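The values are calculated or read from the model by the stated rules, or taken from the named source; none is laboratory data. Keep in mind it's a predicted model, so treat the numbers as computed, not measured. Don't worry about glycine lacking a Cβ; one is built from the backbone with ideal geometry, like all the others, and counts go over all protein chains shown. Quick note on the areas: whole protein, heavy atoms, side chains included, nothing else; ligands and nucleic acids left out. Shrake-Rupley method; radii C 1.70, N 1.55, O 1.52, S 1.80 Å.
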Amino acid sequence: MTKTRAAITGINTWVPEYRLTNAELETMVDTNDEWIQSRTGVQERRILKGKDQGTSAMAIPAVKGLLEKTGTDPKDIELVICATVTPDMQFPATANIISDKCGMVNAFSFDLNAACSGFIDALTTASMYIESGRYKKVVVIGADKMSSIIDYTDRATCIIFGDAAGAVLMEPNDEGYGLIDHRLYTDGSGMVHLHQKAGGSRRPATHETVDAREHYVYQEGAAVFKFAVTKMAEVSEEVMERNNLTADDVAYLVPHQANKRIIDATASRMGVSEDKVMLNIMRYGNTTNGTIPLCLHEWESKLKKGDNLIISAFGGGFTWGALYLKWAYDTPE
Ligand code: UT7
């Protein structure tokens, strides 16, 4: 009997209209287009503007579009997981807000925080619920309004990040398609290199924390880069080896879009050529939990049923991992 696997059966994304270009950043901090493009690959990022607009403001249209596109009745959704580091509020979970606004009234929902690896951790979590046989329709969201925690006076971080949301529908598949394997890692000692100092229970918001700009992303870029470049490549290769996949067997590498140089190193370690690498960091920057759905959605029409995808990520925590997913559908013309 074929094992029941969790397959992605639909995908949708939503990005804000506003484009923050390298030229505009040049007017905000001491930087230049050449530096940004050569060190990161980013040309522009989307920024969510408007009062009281949180991560859910992007995730709601992404999910509504997903449900419409897949012809799914929101009442049939049983579980909603939202991977985010920028929830609308400390609580309740942003997933609850999204469920309410999208009419997914029969679902239970929760947020998952594994920084930039959140979306692959959430796909894996959802797959466990589905493989158990108990859940049949799960929505997994990756969404972040990074502009809400970025210091636009810090040239080392503000040039990288952007805002976006994506969502997938996951359903059981008995034909061998879907999530085949995963390898996920955490090294909490990496916390010192990448974190947000204040706003949690350890350092709740005070005038002092605000004055000290402690509610923004703190990143020691070079240290994070060193780990990311090694770990994302290592884990991607590990998942290929565990599943006896050669570079020829891999249709696409779907990498978290943190830095083009990290992506190039991962592809090179896997022996995968450039044309098989999903890359859109130029247009969106690092949208944390949004990067992988943004890639999958953009490439959706090119993906064929049975395509072998290696999806890999690295992020704060440190957290990192890779998934082996067999794409489950051809996009109708
Ligand atoms: O997705 C979550 C995980 N995060 C990541 O994976 C990010 C990993 N890290 C990176 O992508 C890179 O480290 C950065 C893009 C953040 C920085 O690139 P880098 O090549 O590691 O630069 P650096 O931090 O080592 O800085 C090199 C120089 C420094 O100047 P000095 O000390 O050599 O004079 C920086 O002050 O570049 C300077 N610099 C800049 N110059 C122009 C830093 N930011 C900028 C900038 N424009 N925006």
Exercise. Which of the residues that make up region 168-183 are crowded, with 17+ Cβ neighbours inside 10 Å and either polar (S, T, N, Q) or touching a Ser or Thr at 6+ places or on another chain (Cβ under 6 Å) (or both)?
Worked result: LEU169, GLU171, PRO172, ASN173, LEU179, HIS182
Problem set entry | Pairs, first closer than 23 Å to GLN90 by Cβ in region 42-57, second of a type in the set (Val, Ile, Thr) and not in a strand (DSSP E or B), C-beta under 6 Å, six or more apart | THR55/THR84; THR55/THR86; THR55/THR94; SER56/THR94; SER56/ILE97; SER56/ILE98
For this session: Would you check which residues across region 136-195 are within 13 Å of the ligand (Cβ to nearest atom) and in a strand (DSSP E or B) and list them?
Result: GLY142, ASP144, PHE161, LEU194, HIS195
Problem set entry | Test: ASP88 is surrounded by 18 or more Cβ atoms within 10 Å (Cβ to Cβ) and over 28 Å from ASP181 (Cα atoms) | yes
For this session: Could you please let me know if GLU300 is open to solvent by less than 40 Å² (accessible area, probe 1.4 Å), away from the ligand (no atom under 15 Å from the Cβ), acidic (Asp, Glu) and not assigned by TED's automatic domain parsing to the domain that holds ASN22?
Result: yes
Problem set entry | Single residue of region 206-215 satisfying the filter (assigned to a loop (DSSP other than H, G, I, E, B) and open to solvent by less than 70 Å² (accessible area, probe 1.4 Å)) that is nearest to PHE161 (Cα to Cα) | HIS215
For this session: Give the number of residues within region 1-32 that are closer than 16 Å to ASN173 by Cα and out of contact with any strand residue (DSSP E or B) (no Cβ under 7 Å at 6 or more places or on another chain).
Result: 3
Exercise. Taking GLU17, is it surrounded by fewer than 15 Cβ atoms within 10 Å (Cβ to Cβ) and in contact with a Lys or Arg (Cβ under 8 Å, 6 or more places away or on another chain)?
Worked result: yes
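Tally the residues that are in a helix (DSSP H, G or I), more than 11 Å from the ligand (Cβ to nearest atom) and touching a Ser or Thr at 6+ places or on another chain (Cβ under 9 Å), restricting the search to region 266-291.
Matching residues across region 266-291 total 6.
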